[in-house]
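Enquirer: What follows is a structure written as structure tokens; I'll ask about it next.
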Amino acid sequence: MKVIIVGGGKTTYFLSRNFTSKGYEVVIINRNKEESIKLARQLSAMVICGDGSNIQVLKEAGIMGADAILAITPNDQDNLVICQLASLKFDVPRTVALANDPNNTEIFEKLGVSAFSTTHIVSSLIEQRVSLEHILNLLPVSEGKVNVTEIVLEKSSPFVGKALKYIELPENSLIAVLIRDNKPIVPRGNNDLKAGDRLVLITLPDNHGAVLKAFTGEGK
Amino acid sequence: MKNPKLDSKYIIVIGCGRLGSYLASYLSANGNSVVVIDKNENSFNDLSVDFSGFKIDGDATQLSVLKKAKMKNADILIATTLEDNINLMVAQVAKKVFHVPKVLARVFDPKREEVYAQLGISTISPTSVAAEIFIDEVNKPNTQDGTEQ
């Protein structure tokens, strides 16, 4: 697999190291001469100093045979154009652009470029981890369309002491696994819930908040 | 923002450099409602005294700035900044997100221009335009005093 990274800074450095360690061929395009020299010294990747939205520079980086291109410069307009050139002119199968302005994520998608926003990712991580210490988001499945969340049942929860079959869960939610004293149980209707149980919940983003509230007893 | 005059259009000009300020001043003087956007407030000094439109000091690659300029009401968008990529991005946003009927972008790099023609973005490349004029002149038969025939 051949990956082209356009950008600089620590992100480029660590991504390149990560990809190289997986055996990918990495080419970096960086505008700044000094940074290019530094990256070339530190990494085994090929580094090209130039404007990543310049067709000639992309050719030099071997874009013809690239499997993916990542545009992570601090300028959204550059990231967009880099990805569009890569996919429209050179048929690069996978292109990803960083949207520095979180609002641009949606716009890039509308313009046919897949995009991510660090602001979005970091803020949602913070919200998920910090706001409720006893609730831990394990992983978003299927691009965030399904959430898998771990929750520790507190004494104050309205569900403590109840058997599962008497608990009314909001629609589209499920207790997938119950972990008690480090022993996982796939619960049935007759299992009851105790304070201190760790529950692995499956929810959809629409009802995620409502389900968590039902379990913590908040908002009642 | 619709102007009462029939032939008047709502035009947004991105970039208030030599080209942008000239266009904005000209279009405004001709009775259009013009909004000009530039990152650098000082560049508005280049607008002529006839300019009666709005000036927005901001980065046109930010959606909020374009919303502030009421992009969805615009009849025409002209992107004239010195950066090809800004012009290409704003032009696409205008066309695909705000559905502005007429979108024009200045693109210096003729190779980049080709690609965007595919996407239906009307681009004007000063490089190609100048090259054509030069080539025309070169191909003209010589006259003694150098004037056109």
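None of the figures in this text is laboratory data; all of them are computed from the coordinates on show. This structure is a prediction, so every number in the text was calculated from the model and none was measured. Note that we place each Cβ from the backbone using ideal geometry, even for glycine, and neighbour counts take in every protein chain shown.
Enquirer: At 7 Å along Cα-to-Cβ for each site, give me the label-to-label distance between A:ALA195 and A:ARG94 in nm.
Expert: 4.8 nm
Enquirer: Report the Cα centroid-to-centroid distance between the range A:142-182 and the range B:34-86 in angstrom, as an integer.
Expert: A separation of 52 Å, based on Cα centres.
Enquirer: Using r as the Cβ-Cβ distance of B:SER48 and A:ARG17, and R0 as 56 Å, what FRET efficiency do you calculate, to the nearest 0.05? All intermediate terms of the calculation are to be shown ahead of the outcome.
Expert: Working: r = 54 Å, r/R0 = 0.97.
Calculated transfer efficiency: 0.55.
Enquirer: Something else about it: What is the average number of partner chain Cβ atoms found within 10 Å of a Cβ in B:76-89?
Expert: Counting Cβ atoms of other protein chains within 10 Å of each residue's Cβ and averaging gives 4.
Enquirer: Would you mind estimating how fast chain A diffuses translationally, via Stokes-Einstein at 37 °C and 0.692 mPa s with the Kirkwood radius over Cα pairs, in µm²/s?
Expert: Reported coefficient: 162 µm²/s.
Enquirer: Longer than 23 Å from Cα to Cα, which of B:LYS68/B:LYS111; B:LYS9/B:LYS72; B:LYS9/B:LYS95; A:LYS110/B:LYS55; B:LYS68/B:LYS96; A:LYS89/B:LYS72 are they? Say none if no pair is.
Expert: B:LYS68/B:LYS111; A:LYS110/B:LYS55; A:LYS89/B:LYS72, as the Cα separations exceed 23 Å there.
Enquirer: Ok, one more. Could you give the radius of gyration (one decimal) and Dmax (whole number) of the Cα atoms in the range B:1-134, in Å?
Expert: Rg and Dmax of the range B:1-134, Cα atoms, are 14.2, 42 Å.
Enquirer: Report the local net charge at A:LYS162: Lys and Arg +1, Asp and Glu -1, summed over other residues whose C-beta lies under 12 Å from its C-beta.
Expert: That works out to -1.
Enquirer: Using the Cα centre as the reference, give the magnitude of the dipole from point charges on the C-beta atoms of the protein assembly as shown (Lys, Arg: +1; Asp, Glu: -1; all else neutral), rounded to the nearest 20 debye.
Expert: Rounded to the nearest 20 debye, it is 1300 debye.
Enquirer: What residues have an amide H closer than 5 Å to that of B:VAL35, excluding those fewer than 5 places away on the same chain, when H is modeled at 1.01 Å from N in the peptide plane?
Expert: Close amide H contacts, sequence-distant or interchain: B:ILE11, B:ILE12, B:VAL13, B:PHE54.
Enquirer: Could you list A:LEU199, B:LEU77, A:LEU88 so that the one with the fewest beta carbons within 10 Å of its beta carbon is first and the one with the most is last?
Expert: Ascending Cβ contact count within 10 Å gives the list A:LEU88, A:LEU199, B:LEU77.
Enquirer: For chain A, build the charge dipole from Cβ charges (+1 Lys, Arg; -1 Asp, Glu) around the Cα centre, then report which of A:SER16, A:GLY50, A:LEU85 sits farthest towards its positive end.
Expert: A:SER16
Enquirer: Also: Tell me the mean residue ellipticity at 222 nm calculated for chain A from its helices only (DSSP H runs of n ≥ 4, each -39500 (n - 2.57), averaged over every residue, nearest 500). Before the final figure, lay out each step's value.
Expert: Details: 7 runs with 73 residues, N = 220.
That calculation yields -10000 deg cm²/dmol at 222 nm.
Enquirer: Given the peptides A:30-39, A:159-168, arrange them by the average over their residues of other C-beta atoms within 10 Å, most packed first.
Expert: A:30-39, A:159-168
Enquirer: Here's another thing I want to ask about it. Taking the Cα centre of chain A as origin and charging only Cβ (+1 Lys, Arg; -1 Asp, Glu), how large is the dipole, in debye to the nearest 20? Walk me through the numbers on the way to the answer.
Expert: Numbers: 24 positive and 24 negative charges, 130 e Å.
That gives chain A a dipole magnitude of about 620 debye.
Enquirer: What ranking, highest mean first, results for peptides A:103-110, A:89-96 when packing means the other Cβ atoms within 10 Å averaged over each residue? Can you show the working numbers first?
Expert: Details: A:103-110: 18.6, A:89-96: 16.2.
The peptides rank, most packed first, as A:103-110, A:89-96.
Enquirer: Still on this structure: Starting at the first residue of the range A:115-124, write each ³J(HN,Hα) from the Karplus equation 6.51 cos²θ - 1.76 cosθ + 1.60 with θ = phi - 60°, in whole Hz, x for Gly and Pro.
Expert: Going residue by residue, I get 9, 9, 10, 4, 4, 4, 5, 5, 5, 6 Hz, with x marking Gly and Pro.
Enquirer: Go ahead and run the numbers for FRET between A:GLU109 and B:TYR22, Cβ-Cβ distance against an R0 of 25 Å, rounding to 0.05. Intermediate results must be reported in sequence, preceding the final value.
Expert: Numbers: r = 36 Å, r/R0 = 1.42.
Efficiency at R0 = 25 Å is approximately 0.10.
Enquirer: What 222 nm value per residue comes from the helices of chain B, counting each DSSP H run with n ≥ 4 as -39,500 (n - 2.57) and dividing by all residues, nearest 500 deg cm²/dmol?
Expert: Using -39500 (n - 2.57) per qualifying helix, the result is -10000 deg cm²/dmol.
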